[in-house]
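The values are calculated or read from the model by the stated rules, or taken from the named source; none is laboratory data. Model, not experiment: these values are computed from the prediction. Neighbour counts run over all protein chains shown; Cβ positions are idealised from the backbone, glycine included.
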């Protein structure tokens, strides 16, 4: 869509260029959301793709994803390091309502910063306990867990002029076994619930519920809980919401069901 109010696009080649950001000047990466609808409040864009950050790198044994890494680049990360969690990359990408054309432009950071409940990159990175590196507008850096970065439906902990630089996925999460479930009211509809389970090498279990809640919700256990206890804990969450893609009571019910399926799958593969 043409953004007829935008009169300037500034390529960001160093951090100083981000000083141009303002309430009416927004950062843009792939632009799959920015250009999907009118943005009458914007007069300018700062193009983060001009940084030419590598899509992903390794830091010690952790995986660092650039915020400008596209979904296509994420899904194509080779399975050559023995990461038990590797299948989750592709699985999360398939939860995005979009074609391969969207995969080639939509970015990991853009999906998280849009902070929509159905954002699959928020689901993925929260499920793996990833930490976002935020470049604050005042020149400082701050690390924020992705599960805490997204605070509500379309809301997050970023201020005007703040930019997410990257996401660090810890080696311990990459080594964990994972299970993924997504449900929608139609075969290619927006996710009504995305549930990710992670079973660590020490037996600890983390369940992340998103899509069905206004922000990621996590339940942590020292070991796999019994199915009734897990179902009860999921049902006790309070941030369910209703929109055209699903009613809150339906989201609560299916999330509890999917959580038990995940628990049973991980119990089976750990034997």
>> For the condition crowded, with 16+ Cβ neighbours inside 10 Å, closer than 17 Å to residue 69 by Cα and either touching a residue at least 12 places away in the same chain (Cβ under 8 Å) or more than 13 Å from the chain's Cα centre (by Cα) (or both), what is the one hit in 147, 118, 179, 130?
In response: 130
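Conditions tested, residue by residue: (1) assigned by TED's automatic domain parsing to the domain that holds residue 180; (2) touching a residue at least 12 places away in the same chain (Cβ under 8 Å); (3) crowded, with 16+ Cβ neighbours inside 10 Å.
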residue	(1), (2), (3)
194	yes, yes, yes
202	yes, no, no
215	yes, yes, yes
222	yes, yes, no
225	yes, yes, yes
247	yes, no, no
250	yes, yes, yes
>> Among the residues of segment 154-169, what is the count of those that are more than 13 Å from the chain's Cα centre (by Cα) and surrounded by fewer than 21 Cβ atoms within 10 Å (Cβ to Cβ)?
In response: 7
> Of the residues 39, 91, which is part of a helix (DSSP H, G or I) and crowded, with 17+ Cβ neighbours inside 10 Å?
Replying inline: 91
> Tell me, which residue of segment 182-192 that is closer than 26 Å to residue 226 by Cα and under 16 Å from the mean Cα position of the chain (by Cα) is surrounded by the fewest Cβ atoms within 10 Å (Cβ to Cβ)?
Replying inline: 182
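Where in segment 146-247 are there helices (runs of 4 or more DSSP H), lying wholly inside it, with at least 1 residues that are farther than 17 Å from residue 128 by Cα? Let's see the steps before the verdict.
Details: elements: 146-149, 171-174, 227-235.
Helices (runs of 4 or more DSSP H) meeting the threshold: 227-235.
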> Got at least one residue in segment 204-212 being without any contact (Cβ under 8 Å) to a residue 40 or more places away in the chain and either farther than 20 Å from residue 121 by Cα or in contact with a strand residue (DSSP E or B) (Cβ under 9 Å, 6 or more places away or on another chain) (or both)?
Replying inline: yes
> What pairs can you find where one residue is in segment 95-106 and closer than 22 Å to residue 209 by Cβ, the other is exposed (fewer than 14 other Cβ atoms within 10 Å of the Cβ) and at pLDDT 90 or above, and their Cβ atoms are less than 6 Å apart, with a gap of 6+ or different chains?
Replying inline: none
> List the pairs whose first member sits in segment 31-48 and is touching a residue at least 60 places away in the same chain (Cβ under 8 Å), whose second member is part of a loop (DSSP other than H, G, I, E, B), and whose Cβ atoms are under 6 Å apart, counting only residues at least 6 apart or on separate chains?
Replying inline: 32/105; 32/106; 48/12; 48/29; 48/68
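I need a count of the residues in segment 42-56 that are part of a helix (DSSP H, G or I) and surrounded by 18 or more Cβ atoms within 10 Å (Cβ to Cβ). Steps first, answer last, please.
Looking only at segment 42-56, we keep the residues that are part of a helix (DSSP H, G or I), and these are 48-51.
Checking the rest, the ones that are also surrounded by 18 or more Cβ atoms within 10 Å (Cβ to Cβ) come to 48, 51.
Here the count works out to 2.
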